[in-house]
1. Working only with C-alpha atoms, what are the Rg and Dmax values of the range 133-222, expressed in angstrom?
2. Along the range 152-167, what does the Karplus equation 6.51 cos²θ - 1.76 cosθ + 1.60 (θ = phi - 60°) give for ³J(HN,Hα), rounded to whole Hz, x for Gly and Pro?
3. If one computes the Cα centroid of the range 212-267 and of the range 112-156, what distance in Å separates the two points?
4. Please work out the Kirkwood hydrodynamic radius for the chain, using every pair of different C-alpha atoms, and report it in angstroms with one decimal place.
5. Which ³J(HN,Hα) values in Hz, rounded to whole numbers, follow from the phi angles of the range 91-100 under the Karplus curve 6.51 cos²θ - 1.76 cosθ + 1.60, where θ = phi - 60° and Gly and Pro get x?
6. How far apart, in nm, are the 7 Å Cα→Cβ label points at THR169 and HIS16?
7. Give me the percent of accessible area attributable to carbon and sulfur for the chain, probe 1.4 angstrom.
8. Once a ≥ b ≥ c are taken as the square roots of the eigenvalues of the Cα gyration tensor of the range 95-168, is the result rounded (a/c under 1.5), prolate (a/b larger than b/c) or oblate (a/b not larger than b/c)?
Amino acid sequence: MSAVDGPVRSTSGLDHYVRRGTGSGHAPIVALHPWFGCWQFWLPVVERFPERDWVLVDLYSGAAAISADDNSFDGLAAAVTALIGEVADGPVVLAGNSTGGLVAQTIAIAGRPPLEALVLVGTGASAVGIPAPFRATLAEWLDAEGAPTPELTRSAVRSLLAADPDPATFEVYADAVASADYPFLSAVLRGVLGRDLTDQLPGIDVSTLVVRGEQDAARTEEHVRILCAGIPDCTSVEIAGAGHSPMVDRPESFGSALRDFLDGRGRP
């Protein structure tokens, strides 16, 4: 892979993705963003890995080809699977935050495409135990019936973070959510809330890092415990001062944890 600045068109079922890197021979990192976040959430960490190729997937772009129905989540997982096959010749490091993490678990359990490692960020095997305030935010957004207000959209984005980034960056995040297809986002979110992978976790046969922000409003220490109890080769780390998306709140700490994980397992 080589460095590409703009969106790259895909035939996977996802309209496009963004590529960063120089094709240095390391296993590429395919990164999946959270719902109410966007692919740009990963940029603060990407710059700390100049030796790595990154594929930043715009999950919202699946709305162009994936129906907004009860099968949307499975359709999204299938599209990401196809995209990995499109962009990589061998195993990849698959990283997913929140909904992206549940997609990543689904792919790892299926056993294809081949993974070098798995990184699960601010996620869990199911929606059981999500704190009531965060669940209320999700319910309010789902009840907006196609027309969430700008204030509601901003509130949903803020729920992922320990603190707002600079105003211009925050507007990029909020605009990405506001411009996405509401029926598709809603259908995938409902699929997330109804999914439980707990009993399937032992089927994940790659080294896995679970990352939680200390101030995560959506996922608790119990979610981390369940993941690490079920995945045979699993380690976890908590990032101080970070929320649901620690790569945004504390990119230095997140980057260090990710590098230690990859280097400590002899990754290429």
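The values are calculated or read from the model by the stated rules, or taken from the named source; none is laboratory data. Worth saying up front: this structure is predicted, and the values here are computed from it rather than measured. Reconstructed Cβ throughout: ideal geometry from the backbone, glycine too, with neighbour counts over all protein chains shown. These accessible areas exclude ligands, DNA and RNA; they are computed on the full protein's heavy atoms, side chains included. Shrake-Rupley method; radii C 1.70, N 1.55, O 1.52, S 1.80 Å.
1. 15.4, 42
2. Karplus values, whole Hz, x for Gly and Pro: 5, 4, 5, 5, 5, 5, 4, 5, 8, 10, 6, 7, 5, x, 4, x.
3. If we compute the Cα centre of each part, the gap is 17 Å.
4. It is 18.1 Å.
5. Whole-Hz 3J(HN,Hα) from phi for the range 91-100: x, 10, 8, 9, 10, x, 10, 6, 4, x.
6. For THR169 paired with HIS16, the spin-label model returns 2.3 nm.
7. C and S fraction of accessible area: 49 percent.
8. Numbers: a/c = 2.28, a/b = 1.77, b/c = 1.29.
In terms of gyration-tensor shape, prolate.
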